[in-house]
Amino acid sequence: MSTDTLSDDRFAVTIPEAARLTARGGRRRKRKKGKGYYYEGASSIYEMIDRGELEAVKDGSRTLITMESIRRRMAALPRVQPKGLR
């Protein structure tokens, strides 16, 4: 299954996958201080959850974003008008 498409048949995806699907990043980066890694775009995903734009569910300690809410958000974005039609 590819994580690069909204036609994915999974119910929910992880925060980094959601960031990639919504073009918010999702690239893994090493922390400047401390151990471990973080994902670019994760804070944007959490902000969208707080604003009610994305729906999150918990699976134990993992936060997952429903694919339905990602599709709904992407469908609500404004469409780009071709230059000849402006």
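Mind listing whichever residues of the range 47-86 are touching a Ser or Thr at 6+ places or on another chain (Cβ under 8 Å) and modelled with pLDDT under 90?
Met74
Please enumerate the residues belonging to the range 42-86 that are of a type in the set (S, T, N, Q) and touching a residue at least 40 places away in the same chain (Cβ under 8 Å).
Thr63, Thr66
For the range 50-86, give me the residue count where each residue is within 16 Å of Glu17 (Cα to Cα) and loosely packed, with under 10 Cβ neighbours inside 10 Å.
The number of residues fulfilling the criteria is 2.
The values are calculated or read from the model by the stated rules, or taken from the named source; none is laboratory data. Just so we're clear, the structure is a prediction, and the values are computed from it rather than from any experiment. Using ideal geometry, Cβ is built from the backbone for each residue, glycine included, and neighbour counts are taken over all protein chains shown.
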